[in-house]
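Input: a single structure, listed below in structure tokens.
The values are calculated or read from the model by the stated rules, or taken from the named source; none is laboratory data. Since the model is a prediction, treat every value here as computed from it, not as a measurement. Cβ placement follows ideal geometry from the backbone for every residue including glycine, while neighbour counts extend to all protein chains displayed.
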Amino acid sequence: MTGERTIAHLDMDAFYASVELRRRPELRGKPVIVCGSGPRAVVTTASYEARRLAGIHSAMPAATARRRLPDAVYIKPDFDAYREASREVMAILRANVEVVEVVGLDEAYLDLTGLYSPKATMRRVSTQILETTGLTCSVGISDSKLLAKITSELGKPAGLVVLRRAEALERFASESPGLIPGIGPKTRARLERQGLSTLADLRRADVKSLQATFGPRTGPWLHRRAQLLDDAPLTVSRESKSHSVERTFDTDVRDPQRLGEILDTLSADLAGRLQKRDLRGKTVAIKVRLDDWTTLTRARTVPVPTNDAMAITTVARDLLRENAPQRPVRLLGVRMASFDRPGPADAENPTPAGEGGVDEGDGEAEPQPSAGPTGDGGAGSRPQLGLDL
Ligand code: DCP
Ligand code: MG
């Protein structure tokens with residue numbers, strides 16, 4: 001990538017909680033916590049009031065939240081509502097900006113390179129989101145995905161911050177390296193043991209010694225990240241490249257025959273969508289998430305592009321048979337990719353990136369057991385090993 005880029009990162013504020021408040025405005029101003037009720041439930045979202053009052057945050061055990069803040073309003077997650085709200089938001093982004101990378105349900109990167117006023121564009125987008133959906137978001141504008149993501153945090157909630165790399169280097173010099181998405185507590189601790197406790201320290205560190213300590217990929221990656229350099233391109237959302245349908249069950253399903261029938265239904269649904277768009281694909285994939293959250297995706301390519309329900313479910317059933325789940329299944333999905341012509345960028349079917357991906361299994365709408373840094377652009381520029389993501 002050459003030349004200066006302008007990238008925005010947009011992240012919805014307290015997303016699930018805000019969607020809940022939209023339909024229950026009488027709760028505004030109260031601490032609101034969205035979480036399940038089971039013994040292992042975690043907080044998915046805490047409203048800013050709950051964060052301020054008691055430091056409640058995503059991924060905290062729900063039991064801890066209830067102990068700290070028994071009088072808060074506790075709401076069970078309603079993923080359909082969050083998906084619907086996400087769809088509205090992402091449609092607005094796509095209507096305003098050509099290159100949009102959706103990450104999960106509540107984040108996106110936008111390429112604003114060459115626009116006359118990136119800030120004015122993003123102000124317009126945020127206003128439109130607020131007017132159309134009643135939800136607020138925060139936006140960071142900078143030179144890369146990495147910096148845009150860090151910058152969007154600075155103005156939360158409802159902020160719009162522009163921060164270019166030169167300023168960022170100064171501003172964050174004495175911050176912990178943990179500020180960088182992808183540098184988790186374990187890496188931070190290792191860095192500290194090397195005497196590298198700030199970004200400035202890390203910036204001055206010799207790349208060879210980082211390499212010796214962290215390995216041939218992670219060492220140079222850390223060195224580059226410390227300079228706040230990142231040239232990862234935007235990955236335009238997958239929905240134009242593939243279509244998928246998936247279903248999370250109310251209770252986990254074990255019976256192979258029942259799973260087969262569900263695949264029939266999902267395949268028929270998918271075929272209908274493809275037919276409506278006159279799309280035929282060659283790669284059929286299934287996604288299986290087990291009750292312990294392990295997620296498996298398997299794909300198979302057929303010789304002739306198809307959008308026929310029978311043809312799809314035959315492949316899907318084969319894939320399931322060959323990869324028979326060893327535990328109860330909580331989610332099943334079917335996906336079609338490798339179309340015979342490029343699909344239209346499709347704001348009607350914004351299966352969020354990462355949801356139902358053929359080759360990835362996170363970025364989900366449902367709470368993750370452990371909340372790692374999200375939206376870092378995935379594989380792009382990040383080493384796969386050595387970091388506690
Ligand atoms: N989420 C989740 N489990 C987590 C983290 C997040 O289910 N461990 C869900 C709920 C959040 C949504 O993803 O509402 C977006 O995550 P963010 O990290 O962007 O958090 P919020 O949007 O809630 O708050 P913020 O205003 O800090 O962005
Ligand atoms: Mg958010």
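For the residues 123, 51, the requirement of being outside the structural domain of residue 250 (by TED's automatic domain parsing), within 11 Å of ligand 1 (Cβ to nearest atom) and within 21 Å of residue 151 (Cα to Cα) singles out 51.
Table: residues versus (1) hydroxyl-bearing (Ser, Thr, Tyr); (2) near ligand 1 (Cβ under 10 Å from one of its atoms); (3) assigned by TED's automatic domain parsing to the domain that holds residue 249.
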| position | (1), (2), (3) |
| --- | --- |
| 25 | no, no, no |
| 59 | no, yes, no |
| 64 | yes, no, no |
| 69 | no, no, no |
| 75 | no, no, no |
| 98 | no, no, no |
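Taking into account only those residues within segment 6-56 that are in a loop (DSSP other than H, G, I, E, B), among the aliphatic types (A, V, I, L, M) and more than 28 Å from residue 119 (Cβ to Cβ), which is nearest to ligand 2 (Cβ to nearest atom)? It comes out as 56.
The conditions are (1) charged (D, E, K, R); (2) within 16 Å of ligand 2 (Cβ to nearest atom); (3) modelled with pLDDT under 95; (4) under 25 Å from residue 231 (Cα atoms), and residue 83 fails exactly one of them. Which is it? Going through (1) charged (D, E, K, R); (2) within 16 Å of ligand 2 (Cβ to nearest atom); (3) modelled with pLDDT under 95; (4) under 25 Å from residue 231 (Cα atoms) one by one, residue 83 breaks only (4). Against the numbered list (1) assigned to a helix (DSSP H, G or I); (2) more than 30 Å from residue 99 (Cα to Cα); (3) of a type in the set (Val, Ile, Thr), residue 151 comes up short only at (2). The residue that is nearest to residue 160 (Cα to Cα), counting only those in segment 135-147 that are more than 14 Å from ligand 2 (Cβ to nearest atom) and touching a Pro at 6+ places or on another chain (Cβ under 9 Å), is 141. Scanning segment 14-52 for residues that are out of contact with any Gly (no Cβ under 9 Å at 6 or more places or on another chain) and among the acidic types (Asp, Glu) gives 20, 26.
Quick check on segment 284-307. Is at least one of its residues of a type in the set (Asp, Glu), at pLDDT 90 or above, under 22 Å from the mean Cα position of the chain (by Cα) and farther than 22 Å from residue 99 by Cα? Full working, then the answer.
Applying the first criterion (of a type in the set (Asp, Glu)) to segment 284-307 yields 291-292.
When the remaining residues are screened for being at pLDDT 90 or above, the result is 291.
Filter once more, so that each one left must be under 22 Å from the mean Cα position of the chain (by Cα): 291.
Right, trim to farther than 22 Å from residue 99 by Cα and you get 291.
Looking through segment 284-307, at least one residue is of a type in the set (Asp, Glu), at pLDDT 90 or above, under 22 Å from the mean Cα position of the chain (by Cα) and farther than 22 Å from residue 99 by Cα.
Go through segment 306-322 residue by residue and tally those that are out of contact with any strand residue (DSSP E or B) (no Cβ under 8 Å at 6 or more places or on another chain) and closer than 11 Å to residue 259 by Cβ. Here the count works out to 2. Counting only residues that are more than 16 Å from ligand 1 (Cβ to nearest atom), surrounded by 17 or more Cβ atoms within 10 Å (Cβ to Cβ) and in a loop (DSSP other than H, G, I, E, B), segment 154-173 holds 2 of them. Within segment 93-126, the only residue that satisfies the criterion of being within 26 Å of residue 44 (Cα to Cα) and more than 16 Å from ligand 2 (Cβ to nearest atom) is 100. Does residue 88 meet the test of being within 28 Å of residue 248 (Cβ to Cβ), away from ligand 1 (no atom under 14 Å from the Cβ), among the acidic types (Asp, Glu) and in contact with a helix residue (DSSP H, G or I) (Cβ under 7 Å, 6 or more places away or on another chain)? Yes; evaluated as a whole, the condition is true for this residue. All of 117, 144, 176 fail the test of being away from ligand 1 (no atom under 16 Å from the Cβ) and farther than 26 Å from residue 223 by Cα, apart from 117. For segment 128-141, which positions are at pLDDT below 95 and either touching a Phe, Trp or Tyr at 6+ places or on another chain (Cβ under 9 Å) or more than 16 Å from ligand 1 (Cβ to nearest atom) (or both)? Answer for segment 128-141, where residues must be at pLDDT below 95 and either touching a Phe, Trp or Tyr at 6+ places or on another chain (Cβ under 9 Å) or more than 16 Å from ligand 1 (Cβ to nearest atom) (or both): 128, 131, 132.
Residue 108 - would you say it is within 14 Å of ligand 1 (Cβ to nearest atom) and among the small types (Gly, Ala, Ser)? Spelling it out, residue 108 is indeed within 14 Å of ligand 1 (Cβ to nearest atom) and among the small types (Gly, Ala, Ser). Here residue 75 fulfils each of the conditions (1) within 18 Å of residue 13 (Cβ to Cβ); (2) within 16 Å of the chain's Cα centre (by Cα) apart from (2).
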